[in-house]
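Just below is one structure, and these are the notes that go with it.
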Amino acid sequence: MVHSFLAYIDESGDDGIGNFREPGARGGMSKWLIISACVFRQSFDLDAVEWRDAIASLMPEKASRDIHFSKMNHNQRIAAAQSLTERPIRAISILSDKTTIPERVYTNKNQLYFYLTRYLIERISWLCRDMRPRVPQGDGRVKITFSRRGGMSYPDFRAYIERLRVAEKQDINIHWPVIDIEGIGALDHSPNAGLQLADTIAAAFAAGIEPDRYGNCECRYAETLKPVVYQHRGNFLSYGTKFVPNPVGRLLTDQQQRMVQLFQQ
């Protein structure tokens, strides 16, 4: 049977630990890694092309329909976020402060990425479980598609998720009936509208927490997207937005604190 839901996943930042980028300096790793999902009903798969095109139409000078949040100016980014809030989607983001991670904790390739994506898949599974009574079409499962990233083995990731499934550990809270492990795959960013929407979400949240070259953060993009961020009874931080580690009591800039407070409300 056909899936009931689609989840497109992209990231902003990198998973390197150490040699972090400082304002005004060239090179270095991002201090934060943000992994985000754009989730919607499978029946809207073709509509996602129209949603992407609506954003592209805001930039008539573009030579192609592909959208990349990093290539937009401030006003275009606001407009792109506003356009997404008009669509029947849900956004979920995991935001990891890599400066809190000791250098020798994640030593294997993609280990940190796998670990953080587990939190994302948890929340995707909760959303699809919660939405199933209102989405009778399909088999209740979600098809998960990543934006292809260099050096990532998706068979290895599927094996990792399968190990979590059989581990039966109490701290693993994935609602397994909705997750199609064998269906997890990856596509290139450019030809896929759903992945371009996920890129917009990931980059919008990254802008609110990762300092730019001048040391500033801009949370207005994430604030604009808040109406479509997954929440349960007004709770965002346990559902559509998860900070790793918990940001409470941590030394963050005023702008970063504003980003956290935005989703504490």
Review point. Can you find a residue in the range 136-144 that is open to solvent by 20 Å² or more (accessible area, probe 1.4 Å), farther than 30 Å from GLY28 by Cβ and touching an Asp or Glu at 6+ places or on another chain (Cβ under 8 Å)?
Key: yes
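Looking at SER93, SER125, SER190, SER147, which is the one that is surrounded by fewer than 16 Cβ atoms within 10 Å (Cβ to Cβ), of a type in the set (S, T, N, Q) and within 19 Å of TYR8 (Cα to Cα)? Give the derivation first.
On the way: SER93 fails: surrounded by fewer than 16 Cβ atoms within 10 Å (Cβ to Cβ); SER125 fails: surrounded by fewer than 16 Cβ atoms within 10 Å (Cβ to Cβ); SER147 fails: surrounded by fewer than 16 Cβ atoms within 10 Å (Cβ to Cβ).
Only one candidate qualifies: SER190.
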Study note, to complete from the structure: Filtering the range 102-124 down to residues that are modelled with pLDDT of 85 or more and β-branched (Val, Ile, Thr) yields THR117, ILE121, ILE124
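May I ask you to list the residues in the range 230-262 that are among the small types (Gly, Ala, Ser) and open to solvent by 60 Å² or more (accessible area, probe 1.4 Å)?
From the range 230-262, those among the small types (Gly, Ala, Ser) are 234, 238, 240, 249; that's our starting set.
Listed by number, the list holds a single entry, GLY249.
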Point to revise | Positions within the range 62-82 being surrounded by 12 or more Cβ atoms within 10 Å (Cβ to Cβ) and either touching a Cys at 6+ places or on another chain (Cβ under 9 Å) or touching a residue at least 24 places away in the same chain (Cβ under 8 Å) (or both), in sequence order | key: ASP66, ILE67, HIS68, PHE69, ARG77, ILE78, ALA79, ALA80, ALA81, GLN82
Practice item. Taking only the range 2-45 into account, find how many residues are at pLDDT 95 or above and part of a strand (DSSP E or B). Key: 18
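Filter the range 85-101 down to the residues that are touching a residue at least 60 places away in the same chain (Cβ under 8 Å) and part of a loop (DSSP other than H, G, I, E, B) and list them by number.
Let us first name the residues in the range 85-101 that are touching a residue at least 60 places away in the same chain (Cβ under 8 Å), namely 85, 87, 89-101.
Hits for the range 85-101 are THR85, ARG87, ILE89, ILE101.
Which residues, taken from the range 174-197, are in contact with a Gly (Cβ under 9 Å, 6 or more places away or on another chain) and farther than 26 Å from HIS68 by Cα? Working first, answer last.
Step one: filter the range 174-197 for residues in contact with a Gly (Cβ under 9 Å, 6 or more places away or on another chain), giving 177-178, 187.
Result: PRO177, VAL178.
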Exercise for review: Could you look through the range 103-121, keep only residues that are assigned to a loop (DSSP other than H, G, I, E, B) and in contact (Cβ under 8 Å) with a residue 60 or more places away in the chain, and pick out the one that is surrounded by the most Cβ atoms within 10 Å (Cβ to Cβ)?
Suggested key: TYR106
Practice item. Name, by its number, the condition in (1) surrounded by 13 or more Cβ atoms within 10 Å (Cβ to Cβ); (2) modelled with pLDDT of 95 or more; (3) not basic (Lys, Arg) that does not hold for ASN216. Key: (1)
Practice item. Quick one: ASP130 ticks every box in (1) within 18 Å of LYS242 (Cβ to Cβ); (2) buried (at least 17 other Cβ atoms within 10 Å of the Cβ); (3) modelled with pLDDT of 95 or more except a single one, so which number is it? Key: (2)
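The values are calculated or read from the model by the stated rules, or taken from the named source; none is laboratory data. All of these numbers come straight from a predicted model, not from anything done at the bench. Reconstructed Cβ throughout: ideal geometry from the backbone, glycine too, with neighbour counts over all protein chains shown. When the accessible area is computed, the model is the full protein with side chains, heavy atoms only, and any ligands, DNA or RNA have been set aside. Shrake-Rupley method; radii C 1.70, N 1.55, O 1.52, S 1.80 Å.
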